[in-house]
Amino acid sequence: MLRILVLVAPLVAGILLGYLLSNRKPVNLNKVTFVAIILLIFSLGFTIGASDEMLNALPRVGLSAIVILLLTVFFSAVLAKAATKAVGMK
C-alpha cells in the first residue's frame with residue numbers, strides 16, 4: 001500500500017499544483033519532460049547493464065519486447081484513427 005502511495009502522491013500533487021496555477025501563463029515543459037524521459041531510459045539501461053542476470057536474459061526477452069512494442073504501436077494508431085473518425089475530426 002505504501003508503494004502505491006509513493007507513486008500516486010506525486011501525481012496528485014502535480015494535478016493540484018496544475019489546477020492552482022491554471023490561471024497563469026501556460027508553461028512549456030517539453031524540454032523538462034524530454035530530459036526526464038532520457039534520464040529514465042539511461043537509468044533503465046544502467047540497471048540492465050549492471051545486472052549479469054538481466055543482461056543474460058536480454059536475448060530471450062528481446063523478441064517478446066519487440067512483439068509487444070509493435071502491437072502497442074499498431075493498435076494505438078488504429079484506435080487513434082478510429083477515435084478521430086468517431087469524433088468527426090479529419
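What to note about this one:
- For the pair M54 and A86 in one chain, pulling the backbone fully straight at 0.36 nm per residue adds 7.2 nm over the alpha carbon distance.
- L17 versus S64: modelled label distance in nm, points set 7 Å from Cα along the beta carbon direction: 3.6
- Reported label for calculated volume of the Cα convex hull per residue in Å³ given (1) 135; (2) 195; (3) 103: (2)
Read-outs: derived from the displayed coordinates by stated rules, not from any lab. Small disclaimer: the values here were computed from a predicted structure and weren't measured. Positions of Cβ are backbone-derived with ideal geometry, glycine not excepted, and every protein chain shown enters the neighbour counts.
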